[in-house]
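One structure below.
The values are calculated or read from the model by the stated rules, or taken from the named source; none is laboratory data. Computed from a prediction, not measured in an experiment: that's the story for all the values here. Cβ placement follows ideal geometry from the backbone for every residue including glycine, while neighbour counts extend to all protein chains displayed.
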Amino acid sequence: MKQFNHILAATIAGLTIALGAHDVAAQERIPEIGTAGAAIMTVERERIYGDMYMRQIRALAPMVNDPVLDEYLRDIGSRMVREADGVRFPFTFFWINQKDINAFAFFGGYIGIHTGLIAEAQTESELAAVIAHEIAHVSQRHIVRNMERMSNASPTTMAAMLGSMILAIINPQLGFAAMTGTIGVNQQMQLNYTRQFEQEADRVGFSILANSGFDPMGSPNFFGRLSDKYRYSSRPPEILLTHPYSENRLADMRSRAESMPRPKVRDSLPFYLAKYRTQVRHLKQFSDTELRRIQDTAATVNERTAATYALAIWLLDQRRPQEAETVLAPLLQSAPMNTFFIDVQSDILLAQQRYDEALTMLEKAYIRQPNEQTITLNFANVAVAARQYPLAINLLREYTQRNENNVMALDLLATAYRLNGNNSAMHETLAELSALHGAFDQAIDHLHKAHRHNQLELEKRRLQARIEQLMAQKKLLESLT
């Protein structure tokens, strides 16, 4: 998968935070969110565009499909969204597997976080500070308000340009080609967040951060450390080269944070578990020797626990499941319902083909937490491995009815249908999976195959109706790129 083009990303309106942006300028009044940007794009239209662009990102970006990390990010994001004003649609948080420190937001409440961000964050409040800033950009509709300021473009053209820019973040060649077709020689019209928008996001983000129970010093601590870290570096990150974090803005953030109440915040165990899981499994940053050293020198119980957990993952990924189980056992015994631990133990048992033990463990967990993502997907995965296909299908069908955009669940459900010999259901599920990646032609082809395998007239009519829906979605996607 191609690397993100961070030089371009730093110039895109509202699509990246670039961890260091513009100087703070004069105050700007926060508008009434009900009317902000309404002249150029309604909230419903924004949701439609966001959904279409998310399909392209799934197809092109190195997304992390990891149930426990997804749950953690959704939990911390939802915790802060509850404190945000002007929320008009559900937010969707997702991981991009990149070592670079970055985050971005776009239409419809979609917020992407690079794995490099949580690896760099020293506290949970630092991670939360970046997420809060992105939530503020979305809740204040900064992308749409910027579009409203562009007087020489129609809503459709502006949306297409932003779509092209999203593609450029993911795949520079595709993005620049699309951008050329959209705006021709007027590439100087690239949308930049105004200084007022950045200040507004700082101010609103601080409020969200503090009201969510995090330390408001998370913002200046994180950005200040990042600026200091690369101040005299001969090879600083491209983001800091193109958009250095100004001393004025940093001083303003620190002053604002110091004026706010400072809650006594203790970093949660899930933060450390998510951070170390990301570093050892997805970024490959630790060896077993380093993890054992951290175990011996960790300043807190939570960090020591996370290092032990990461060591179990490292051993499992090195195909040493018995050693991994020995390392994980004390953690699982002390917290048998911790989904981070359950996930790794499930994989340990699968690696040793101990299906009955895994099914028993997951059934107990499922009874206590039905439809929790990590438990449900692990339960279904073990059921497939144990050839208990009806069990897996029942679990996944129930889950996907409430979580229809879950790529992992749909992929596993298609596998279960295939192994159980239900070709019609398999192709229908693959159609939905393809559509989530913007591959509408492929999705329609799968639905035609499902139609041929199905003998029930009512089901054939339903499949035909879905084909027509996907054709309409395909037409919309083509109008955006």
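General observations
- Filtering the range 74-102 to residues that are surrounded by fewer than 20 Cβ atoms within 10 Å (Cβ to Cβ) and either among the aliphatic types (A, V, I, L, M) or not assigned by TED's automatic domain parsing to the domain that holds Ala201 (or both) leaves only Val87.
- For Pro216, the conditions (1) modelled with pLDDT under 90; (2) part of a loop (DSSP other than H, G, I, E, B); (3) farther than 23 Å from Phe340 by Cβ are fulfilled apart from (1).
- Residue match in the range 343-352 (condition: in contact (Cβ under 8 Å) with a residue 12 or more places away in the chain, among the β-branched types (Val, Ile, Thr), in contact with a Ser or Thr (Cβ under 7 Å, 6 or more places away or on another chain) and farther than 23 Å from Leu73 by Cβ): no
- Matching residues in the range 340-364 - criterion: being surrounded by fewer than 21 Cβ atoms within 10 Å (Cβ to Cβ) and in contact with a Phe, Trp or Tyr (Cβ under 9 Å, 6 or more places away or on another chain): Leu359, Glu363
- Unmet requirement for Asn405, which otherwise passes all of (1) at pLDDT 95 or above; (2) over 29 Å from Gln318 (Cα atoms): (1)
- Every test in (1) buried (at least 20 other Cβ atoms within 10 Å of the Cβ); (2) within 29 Å of Arg58 (Cβ to Cβ); (3) of a type in the set (Val, Ile, Thr) is passed by Thr400 save one, and that test is (1).
- Helices (runs of 4 or more DSSP H) fully within the range 1-101 that include at least 1 residues being closer than 30 Å to Glu478 by Cα and at pLDDT below 50: 6-9.
- Only one of the numbered conditions (1) under 14 Å from the mean Cα position of the chain (by Cα); (2) surrounded by fewer than 21 Cβ atoms within 10 Å (Cβ to Cβ) is violated by Ala105, and that is (2).
- Being surrounded by fewer than 22 Cβ atoms within 10 Å (Cβ to Cβ), within 26 Å of Ser346 (Cβ to Cβ) and assigned by TED's automatic domain parsing to the domain that holds Gly218 is a description that applies to Glu71.
- Where helices (runs of 4 or more DSSP H) fall entirely within the range 382-478, those with at least 1 residues that are of a type outside the set (Gly, Ala, Ser), within 21 Å of Tyr366 (Cβ to Cβ) and under 26 Å from the mean Cα position of the chain (by Cα) are at 389-402, 407-419.
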